[in-house]
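Asks: A single structure is presented below for examination.
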Amino acid sequence: HASEEIASQPACWRTAIEVAAAKPAGLPEPGERVAVIGCGTSWFVAQSYAVLRERSGQGETDAFTASEFPLSRRYDRVVAISRSGTTTEILRALSQIGRVSRTTAITAVGASPVRDLTDDVLTLGFADEQSVVQTRFPTTLLTLLRAHLGEDVSRLPGQAERALGMPLPEDFDGFRQFTFLGAGWTVGLANEAALKIREAAQAWAESYSGMEYRHGPIAVADIASLVWVFGDAPHGLLDEVRATGAHVEVSLLDPLAELVRAQRMAVSLADRRGLDVDAPRHLTRSVIL
Ligand code: F1P
């Protein structure tokens, strides 16, 4: 399923742009103080969206993984992202948060427990997935959220198409370690790319803010490392990384489309390692405790 879901992203992103144009209810209004929560992939979407919304001037926006939400806080709105709508930490957090803050669930599944715990629900059924490893749900949601923040995203589906056809980093299956770097909203994308490598290919992958990478992690880089930078790299960073002998990959596309390329690399790496991406070790479609 994963390969088909990855390939369907241009079409899903087009639908997301139409959905955003119809002004769906429940998404944060300008001026609201907002928190966004999720687990795993959905937390990384929350991270990216929080930075994008805050930078767009629409209001203070925090992102938390659901298990670490500070329950003493009160927000104008808490947005819970969960593809399945069943993740335990999300349901636990919402049962508390719903007493003090207005809540919105964004999910891919129409009838799920998250619906009963939130004031508003946005269901992106067209982006649901059969795979355990999430690919099109997070990217489709980010396309929708970027459009909702007023960004012109009309070129994004075409960028996703290009990402599906572009070559992957040369000899990518020879690397021992994969590192993804971002800045601002692309830190969430870097985190998501690294998670894809871990989930699909059981390989050693890390992710950092590009500036933070200089404060220690760069010590691990060597010729067996692939360092993939999402978005613009901080001044001087690429030269520093190249000096370690690592292979450096930079974004030629919109960073969200670049994530599609990283998803493809994760699946190809799994294939070459003889792993079934649709049956990832120790993982389930939704984590229920
Ligand atoms: C999120 C999640 C991810 C995990 C895997 C399956 O669930 O559990 O954390 O990495 O991809 O999905 P959800 O709350 O978005 O359904």
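FYI, it's all coordinate maths here, none of it is from the lab. Everything numeric in this text was worked out from a predicted model, so none of it was measured. Cβ placement follows ideal geometry from the backbone for every residue including glycine, while neighbour counts extend to all protein chains displayed.
Asks: For the chain, return all DSSP H helices satisfying: extent of Cα atoms along own axis at least 20 Å; mean Kyte-Doolittle hydropathy at least -1.0. Mind showing how you got there, number by number?
Replies: Values: long enough: 41-55 (22 Å, -0.13); 186-201 (22 Å, 0.33); 255-272 (25 Å, 0.14).
The qualifying helices are 41-55, 186-201, 255-272.
Asks: What share of all Cα pairs of the chain, in percent, falls into each consecutive 5 Å distance bin?
Replies: Histogram of Cα-Cα distances, whole percents per bin: 1, 6, 13, 17, 19, 17, 13, 9, 4, 2, 0.
Asks: Please list the non-local residues whose amide H lies under 5 Å from the amide H of E249, H modeled 1.01 Å from N, same-chain partners needing a gap of 5 or more.
Replies: The list, which skips near neighbours in sequence, is V227, W228, V229.
Asks: If a/c stays under 1.5 just call it rounded; otherwise compare a/b with b/c (prolate if a/b is bigger, oblate if not). Do that for the range 1-76, with a ≥ b ≥ c from the square roots of the Cα gyration tensor eigenvalues. Mind showing how you got there, number by number?
Replies: Numbers: a/c = 2.60, a/b = 1.43, b/c = 1.82.
Since a/c reaches 1.5 but b/c is at least a/b, the shape of the range 1-76 is classed as oblate.
Asks: Can you check what the net charge comes to around L168, using other residues whose Cβ is under 14 Å from the Cβ of L168 (Lys, Arg +1; Asp, Glu -1)?
Replies: Details: positive: R162, K196, R261, R264, R272; negative: E170, D171, D173, E249, E258, D271.
Summing Lys and Arg as +1 and Asp and Glu as -1 gives -1.
Asks: Suppose only helical runs count, i.e. DSSP H with n ≥ 4. What mean residue ellipticity at 222 nm does that imply for the chain under -39500 (n - 2.57) per run, divided by all residues and rounded to the nearest 500 deg cm²/dmol? Don't skip to the answer; put the middle values down first.
Replies: Numbers: 10 runs with 111 residues, N = 289.
Only helices count here, giving -11500 deg cm²/dmol.
Asks: Moving on to the next point. Starting from the 7 Å offset along Cα-to-Cβ, what nm value, one decimal, do you get for the label separation of I223 and E18?
Replies: With each label placed 7 Å out from Cα toward Cβ, I get 5.2 nm.
Asks: Further question: Mind listing which GluC sites (Glu not before Pro) in the range 1-67 are in a DSSP loop and have 15 or fewer other Cβ atoms within 10 Å? Please report the intermediate quantities before stating the final value.
Replies: On the way: sites: E4, E5, E18, E32, E54, E60; in loops: E32, E60.
The qualifying sites are E60.
Asks: Among V250, V79, V277, which one moves the most in a GNM of the chain with springs linking Cα atoms closer than 10 Å?
Replies: Taking springs between Cα atoms under 10 Å, the residue moving most is V250.
Asks: Grab the eigenvalues of the alpha-carbon gyration tensor for the range 166-272, scale each by 5, take roots, and send me the semi-axes largest first in whole angstrom. Walk me through the intermediate numbers first.
Replies: On the way: eigenvalues 72, 49, 30 Å².
Ellipsoid semi-axes (Å, largest first): 19, 16, 12.
Asks: Here is a follow-up. Below 13 angstrom from the Cβ of L94, what's the summed charge of the other residues (Lys, Arg +1; Asp, Glu -1)?
Replies: So the surrounding residues net to +1.
Asks: Search the structure for amide H atoms under 5 Å from the amide H of L122, placed 1.01 Å from N in the peptide plane, and list their residues when 5 or more places away or on another chain.
Replies: The answer is A105, I106, T107.
Asks: Right, next: Along the positive direction of the dipole of the chain (beta-carbon charges: Lys, Arg +1; Asp, Glu -1; about the Cα centre), which of G110, G98, V79 reaches farthest?
Replies: G98
Asks: Could you compute how fast the range 32-78 diffuses translationally, taking Rh as the Kirkwood radius over C-alpha pairs and applying Stokes-Einstein at 20 °C with viscosity 1.002 mPa s? Give it in µm² per second.
Replies: Values: Rh = 10.5 Å.
Reported coefficient: 204 µm²/s.
Asks: Here's something else I'd like to know. What is the P(r) of the range 2-148, as percent of Cα-Cα pairs per 5 Å bin from 0?
Replies: For the range 2-148, the pair-distance distribution reads 2, 11, 21, 25, 22, 13, 5, 1, 0.
Asks: Also, quick follow-up: Within 10 Å of each candidate Cβ there may be at most 16 other Cβ atoms; applying that plus a DSSP loop requirement, which trypsin sites (Lys or Arg not before Pro) in the range 62-108 survive? Each step should come with its number before you reach the end.
Replies: On the way: sites: R73, R74, R77, R83, R92, R99, R102; in loops: R73, R74, R83, R99.
Passing both the DSSP loop test and the Cβ count: R73, R74, R99.
Asks: How would the range 1-40 be classified by its alpha-carbon gyration tensor: rounded, prolate or oblate, with rounded meaning a/c under 1.5 and the a/b versus b/c comparison settling the rest? If you can, show how the numbers build up before the last one.
Replies: On the way: a/c = 4.35, a/b = 1.58, b/c = 2.75.
In terms of gyration-tensor shape, oblate.
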